[in-house]
């Protein structure tokens, strides 16, 4: 099935695309909304300006549109973007957010297309470890939860980090995949990427209990093949 992927550049949307394609679907285009508000219910906004580069790294065209970030209105804005794309369905990286999944389901029903959510209902720890084992190089670009301090910003999410997140989940009840807004991520490389994202300049911005790894400069670089 020819699909559009709801894409932010983070680990979940990237991995959802990978699973959809492994399942035989054709993800022909990425769709990205650029929210005007940081507290959007539907969309991630941290380092969203890098999404064109991350899409290009995977050889995918990108369709994007601004979003007000206002609850419910942003759902209609997403619908307007999807309805101009020549696809039979949408793939999303939703894991446990019923709010997000229900609204994408609603859009797809109204447009007569299919919603595929390959990550839905998966156990968070198992999913995070599967994402890491897939070979994705994931970094944390925003934190907003107990236990996630300044030291996590720009940090690679590897198996050691996954174990640390599991301990924080036990202590503070956070979702290790960041599904509750605990953190946001960025994928800079994966085995299926044609190029990798190289960060040139970034700044750690800390605001008391939350912070952002703000990337001001980046470019795509050829991949070094070992062997």
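Going through 165, 153, 186 one at a time, which residue ends up being closer than 27 Å to residue 27 by Cα and crowded, with 17+ Cβ neighbours inside 10 Å?
Just one listed residue meets the conditions, 186.
Let's see how each residue does on (1) more than 30 Å from residue 195 (Cβ to Cβ); (2) at pLDDT below 95; (3) buried (at least 16 other Cβ atoms within 10 Å of the Cβ):
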residue: 20; (1), (2), (3): no, no, yes
residue: 26; (1), (2), (3): no, no, no
residue: 33; (1), (2), (3): no, yes, yes
residue: 37; (1), (2), (3): yes, yes, no
residue: 60; (1), (2), (3): no, no, yes
residue: 66; (1), (2), (3): no, yes, no
residue: 69; (1), (2), (3): yes, yes, yes
residue: 115; (1), (2), (3): no, no, yes
residue: 119; (1), (2), (3): no, no, yes
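If I go through the range 128-150 residue by residue, how many of them are over 22 Å from residue 42 (Cα atoms) and surrounded by fewer than 22 Cβ atoms within 10 Å (Cβ to Cβ)?
Residues flagged as over 22 Å from residue 42 (Cα atoms) and surrounded by fewer than 22 Cβ atoms within 10 Å (Cβ to Cβ) within the range 128-150 amount to 12.
Can you find, within the range 134-178, the residue that is farthest from residue 14 (Cα to Cα) among those that are free of Cβ contacts under 8 Å to residues at least 24 places away in the same chain and part of a helix (DSSP H, G or I)?
Among them, the one singled out is 170.
Given (1) in contact with a strand residue (DSSP E or B) (Cβ under 6 Å, 6 or more places away or on another chain); (2) buried (at least 20 other Cβ atoms within 10 Å of the Cβ); (3) over 22 Å from residue 217 (Cα atoms); (4) free of Cβ contacts under 8 Å to residues at least 60 places away in the same chain, identify the lone condition not met by residue 100.
Failed condition: (1).
Looking at the range 96-106, which of the residues that are within 21 Å of residue 23 (Cβ to Cβ) and modelled with pLDDT of 95 or more is nearest to the chain's Cα centre (by Cα)?
Restricting to residues being within 21 Å of residue 23 (Cβ to Cβ) and modelled with pLDDT of 95 or more, the top hit is 104.
Please find, among 204, 176, the residue that is under 23 Å from residue 134 (Cα atoms), in the same structural domain as residue 139 (by TED's automatic domain parsing) and in contact with a helix residue (DSSP H, G or I) (Cβ under 7 Å, 6 or more places away or on another chain). Explain how you work it out, then say what you get.
Numbers: 204 fails: under 23 Å from residue 134 (Cα atoms).
When all the criteria are applied, what remains is 176.
Only residues that are part of a strand (DSSP E or B) and over 28 Å from residue 100 (Cβ atoms): list them for the range 205-225, please. Full working, then the answer.
Here is the first cut: in the range 205-225, the residues part of a strand (DSSP E or B) are 205-206, 211-222.
216, 217, 219, 220, 221, 222 - these are the residues of the range 205-225 that are part of a strand (DSSP E or B) and over 28 Å from residue 100 (Cβ atoms).
The values are calculated or read from the model by the stated rules, or taken from the named source; none is laboratory data. No experiment lies behind these values; they were computed from the predicted model shown. Reconstructed Cβ throughout: ideal geometry from the backbone, glycine too, with neighbour counts over all protein chains shown.
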